[in-house]
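The values are calculated or read from the model by the stated rules, or taken from the named source; none is laboratory data. As the structure is a prediction and not an experimental result, all values here were calculated from the model. Neighbour counts run over all protein chains shown; Cβ positions are idealised from the backbone, glycine included. With ligands, DNA and RNA removed, areas are computed over all heavy atoms of the protein, side chains included. Shrake-Rupley method; radii C 1.70, N 1.55, O 1.52, S 1.80 Å.
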Amino acid sequence: MKDDRISAGSHGETVTWDERGKPVVPARPIIPFIEGDGIGPDIWAATRTVMDAAVEKSYGGEKGIAWLEIFAGEKAQQAYGADKALPEETLEAISEYGIAIKGPLTTPVGGGFRSLNVALRQILDLYACVRPVKYVPGVPAPVRHPEWVDVVIFRENMEDVYAGLEWPAGSDEARALLELVNEKAQASGLGTVSTESAIGIKPMSKHNSVRLIRMAIEYAVEHGRDSVTLMHKGNIMKYTEGAFRDWGYELAADAFSDAVVSEQDVVDRFEGRPPEDRVVIKDRIADAMFQQLLLRPQEYDVIATPNLNGDYLSDAAAAQVGGLGLAPGANIGDRRALFEATHGTAPKYAGMDKVNPGSLILSGVEMLRFMGWTEAADLILAGLTRTISRGLVTYDLARQMENATELKCSEFAQAIRENL
Ligand code: NAP
């Protein structure tokens, strides 16, 4: 990098990728980080100390992360100028170094983006939003058996209603589009709509759907998971969400025939008992999926779904095991991955050293797993679990637990380090 605002890790090396697209991580990888806005600096400081301590303890100095600060959001505007909330240099650094982590970002009003987070995902072609949801013992949860939940949600990140193609009711664009829509609808014998309506477009392509589903199936096969569920609303939206389901089954049969079996085949050919070495491919309509995840979460494992369904389901699933404060997330594309806290900037708590850094710490755990540094990842998870089970928690968990000791954000990180 030739930008002096980005002080390149002088003693680090760049992550490379093998022919299967898996990261090849040197002993001192350069990992860019975006601190984030609002509570970002607090939770990032906590996360970094926990990650460094776990790596040091796991590898005794033989491995270490060369952190590289890059900028987005308010800090980028200070460093690069008011109109540069997402500088080119930041995008280049993530592309070049391949694996990065970020805190939450505020989208500046009038900054030229609907959302910095959506822009980062779309510009960098991070086509899968991956959200593992698993219960951390000791966390207060609203259901009787939160420990039954262990799913990884793969949400399509590029299109669907997030494409940003919408026009207000009564605008010239909406009217013109709706006139065309009505003309086509009449020709096909379908009902027409009022030309005074607002209109939004829901594009869903085979290319984007298939590569997302492929990543989900590969993950399930590699990690010995039992099933991949295609979650869709294809009973109503036949050519978008219905096609997502059909493309998924087609891909499974064409590219993974030795590794998967469809739910229908389990009934027809295997007397209802799937062969142990096969991943079962099934599908569920979105509304049923929400019920099933609440009532019979053990039957679900990896879930692949279009953008909007995935947005709703991942937050609902996180709430089921105790909330967004502990939900990790990653945006993954080909040869690049950006790990992130799933909550926002909680501006009212900015600079108070108060909030729960768990979501970003667990995103760091996922990053370490992605890098193959499993020992450090396991160490952090064990340390976090031990800390929470001893009742040492931040305010958000303390207010739901009896006899908990409320810690500041930095004290919680310190307790995790002591419990590693
Ligand atoms: P939010 O920042 O997630 O905060 C909503 C509430 O969630 C907080 O008031 C707090 O609840 C709780 N919370 C969030 N993070 C927490 C943490 N680490 N520890 C404990 N509690 C936590 O949502 P928002 O207020 O709707 O959004 C604020 C800004 O964040 C907006 O500018 C939005 O655009 C941005 N945002 C960014 C991202 C991202 O960068 N990925 C995602 C979502 C939103 P209590 O008040 O009950 O304590």
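Approximating the spin labels as points 7 Å out from Cα along Cα→Cβ, the SER95-to-ASP258 distance works out to 3.6 nm.
The lysines whose alpha-carbon is closer than 21 Å to the alpha-carbon of LYS206, local same-chain residues fewer than 8 away aside, are LYS233, LYS238, LYS282. Note on ASP334 and GLN78: the extension gain reaches 89.0 nm, defined as 0.36 nm multiplied by sequence separation minus the Cα-Cα distance. Only Cα pairs under 8 Å and 6+ residues apart enter the sum, and on that basis the relative contact order of the chain stands at 22 percent. Label 7 Å along Cα→Cβ of MET352; the stretch 35-67 residues with amide nitrogen under 13 Å? Zone members listed by number: 39.
Distant-in-sequence amide contacts of SER262, defined by a placed amide H-H separation under 5 Å and a gap of 5 or more residues or a different chain, comprise ILE281. Taking only protein heavy atoms and a 1.4 Å probe, the accessible area of the chain is 49% carbon and sulfur. What you get for the chain, charging only the Cβ of Lys and Arg (+1) and of Asp and Glu (-1), is a dipole of about 600 debye around the Cα centre.
Each label point was placed 7 Å from the Cα along the Cα-to-Cβ direction; for SER389 and TRP17 their separation is 3.9 nm.
Summarising the label geometry, the points placed 7 Å from Cα in the beta-carbon direction at ALA382 and GLU69 lie 3.3 nm from one another.
Loop-located GluC sites (Glu not before Pro) in the stretch 68-149 (DSSP state other than H, G, I, E, B) with a sparse environment of at most 15 neighbouring Cβ atoms within 10 Å are absent.
When the charge dipole of the stretch 74-136 is built from unit charges on Cβ atoms (+1 for Lys and Arg, -1 for Asp and Glu) and taken about the Cα centre, the candidate among GLY98, ALA85, SER115 whose Cα reaches farthest toward its positive end is SER115. Taking 0.36 nm per residue of separation and subtracting the Cα-Cα distance, full extension of the segment from ALA27 to ASP226 would add 68.3 nm.
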